[in-house]
Amino acid sequence: MKVLVVGNGGREHALAWKLLQSPQVKQVVCVPGNGGTAVLDRCRNHPLRLDDFSGIEKFTLVHGFNLVVVGPEMPLSLGITDYLKGKNIKVFGPTKAGAQIESSKSWAKALMHEAGIPTARSAVFSDPESAKAFVVSRGAPIVVKADGLASGKGVTVATTVEEAQAAIESLFHSDVKTVVVEEFLAGQELSVLALTDGVTILPLLPAQDHKRIGDGDTGANTGGMGAYAPAPIGTPELMERIQREILQPTIAALKAKGIDYRGVLYAGLMITPQGEPKVLEFNCRFGDPETQAILPLLETPLEDLLVACTQQKLAEMPPIRWKAGACVSVVLASGGYPEKFEKGQIISGIEEAEALDVQVFRAGTKIKEEQLVTDGGRVLGVTAVADNFESAIAKAYAACDRIQFEGVYYRRDIGSRVCGSRSTGG
């Protein structure tokens, strides 16, 4: 089969890489792709924009692609699935109505409250003064979120009232029309990415990512500075509870609204000190960088799972097979990220890094004059698989040290919380 992957990040490189491991997949084309997908065997890039739905439609039909896999949230929220399905093209990814679960935090909160899904208490505001007054009445710590899409960076966990009020002012001075202010939840975060065909929902391995820019989870929120899987906190008992109390009720609530949700339902959870899972947010697509830490452990052919979702045949699939072991992915970022950063820096050392038995997923990169250069904030995801987390972390960081570009920055503590833990997969 031939698969078109929409997107240009590290997640899309990982998706293309995993799809091409299957003998059933003849070719992958990435729209627009990046410097990594440009050099994958049996893969090429096409310079269409993410929102050029008619161009993607024509290219898909002319070249006979069997499946379109949508990576990022933006085209999903704009309705790419609705458009392509209307042209009888098979698409993996929810419709525009389903993508509201990520594109509108207030809509998602209302859905959770209606369905009785455990989540933080919250309030929604369309003007800054009301929001700031609410913060004063509740005190800190408190969480301020942009209602719409913000590439994983529209959240402020404020430790003081003044910090929360500044975040509210900043959001309303940007393009944000609505903010959600919610209670602060303590505990450990857990990412559960689940595949669904609108009826059946199957979680993948639980993962944990590192959102903050600095070691020790300090500094500004980012799109993610690294991830690991399977997260030991995601025990079989907890995963069964998440399935029963969160994933299945969410799909049922979407179905009750007339939404046929097929794709990834990504639950960003807080596991409280009492072991209670609560939803921080939902996303409508594969996580980045969690995907880069989960897919290297997947043994079931990825395309079989994705096609089953589009055909509503997930219940007929055998249990998902996983490799034993642990996977760690460390993000190498441009200096200055998540604020201002330079592009166009020449990247070297990837071949030397991959000689250490790691996979380097390219994210914000492109090929310029036959050289790989930086083209974004998060540049690379250095990903290692080993028998345990300690070995995977050591392997990943040994590879990171081989890679160079001007201003390269990465956290030195990815996965340190579970260093020495054995995998729960198998």
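The table that follows gives values for the structure above.
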quantity	calculated
Leading residue at positive end of dipole, the chain (Cβ point charges), from Gly415, Met74, Thr95	Thr95
Debye-sum result for the range 188-418 in log10 I(q)/I(0), which assumes one identical scatterer on each alpha carbon, at q = 0.12, 0.16 Å⁻¹	-0.69, -1.13
Global form of the chain, assessed from the alpha-carbon gyration tensor, a/c cut-off 1.5	rounded
Nitroxide proxy distance, nm - points 7 Å out along Cα→Cβ at Val39 and Leu356	1.8 nm
Net charge, Phe341 excluded, C-beta distance under 13 Å - Lys, Arg +1, Asp, Glu -1	-1
Relative contact order (percent, whole number), the range 188-418, Cα cutoff 8 Å, 6+ residue spacing	22 percent
Relative contact order, percent, the chain [alpha-carbon distance under 8 Å, six or more residues apart]	17 percent
Size descriptor, Kirkwood hydrodynamic radius, that averages inverse alpha-carbon separations across the range 121-183, Å	11.1 Å
Label-point separation in nm, Gln404 to Glu169, each point 7 Å along Cα→Cβ	4.4 nm
Value at 222 nm in deg cm²/dmol, rounded to 500, when DSSP H runs of n ≥ 4 in the chain each add -39,500 (n - 2.57)	-8000 deg cm²/dmol
Sequence-separation-based contact order of the range 294-426, relative, with Cα cut under 8 Å and 6+ spacing, percent	32 percent
Rounded to the nearest 20 debye, dipole of the range 139-196 from Cβ charges on Lys, Arg, Asp, Glu	180 debye
Gyration tensor (alpha-carbon) shape descriptor, the range 245-309, a/c threshold 1.5	oblate
Assigned charges on the beta-carbon of Lys, Arg, Asp, Glu; the range 17-105 dipole about Cα centre (debye)	220 debye
Amide proton proximity set for Ile403, modelled H, under 5 Å, gap of 5+	none
Cα→Cβ-extended label distance, 7 Å offset, between Asp51 and Met1, nm	3.0 nm
Choice from Asn283, Asn66, Asn34 with maximal GNM fluctuation in the chain (Cα, 10 Å cutoff)	Asn66
From phi via Karplus (6.51, -1.76, 1.60), per-residue ³J(HN,Hα) for the range 233-238 in Hz, x at Gly/Pro	5, x, 5, x, 5, 5
Dipole-positive endmost among Gln292, Phe282, Phe341 within the range 269-363 (Cβ charges, Cα centre)	Phe282
Cut-off 14 Å between beta-carbons: net charge of the residues surrounding Gly55, Lys and Arg +1, Asp and Glu -1	0
Amide proton proximity set for Gly36, modelled H, under 5 Å, gap of 5+	Arg362
For the range 161-174, 3J(HN,Hα) per residue [Karplus equation, 6.51 cos²θ - 1.76 cosθ + 1.60, θ = phi - 60°, Hz, x = Gly/Pro]	4, 5, 5, 5, 5, 5, 5, 4, 4, 4, 5, 6, 7, 8
Candidate aspartates and glutamates - alpha carbon under 15 Å from Lys343, same-chain residues fewer than 8 apart omitted	Glu369, Asp375, Glu406
Computed FRET value (nearest 0.05) for Glu370 with Glu339, which takes r as the C-beta separation and R₀ as 35 Å	0.70
Vicinal HN-Hα couplings computed from phi for the range 388-397 (Karplus, 6.51 cos²θ - 1.76 cosθ + 1.60; Hz; Gly/Pro x)	9, 5, 4, 5, 5, 5, 4, 5, 4, 6
Charged-residue dipole, Cβ positions (Lys, Arg, Asp, Glu), the chain about Cα centre, Debye nearest 20	880 debye
Of His210, His46, His63, the one that fluctuates the most in a GNM where the chain has Cα springs shorter than 10 Å	His63
Positive-end extreme of charge dipole, the chain - chosen from Ala392, Ala252, Pro273 (charges on Cβ)	Ala252
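Bear in mind that the values in this text are calculations on the coordinates, not laboratory data. Everything numeric here is computed off the predicted structure, so don't read it as measured data. Note that we place each Cβ from the backbone using ideal geometry, even for glycine, and neighbour counts take in every protein chain shown.
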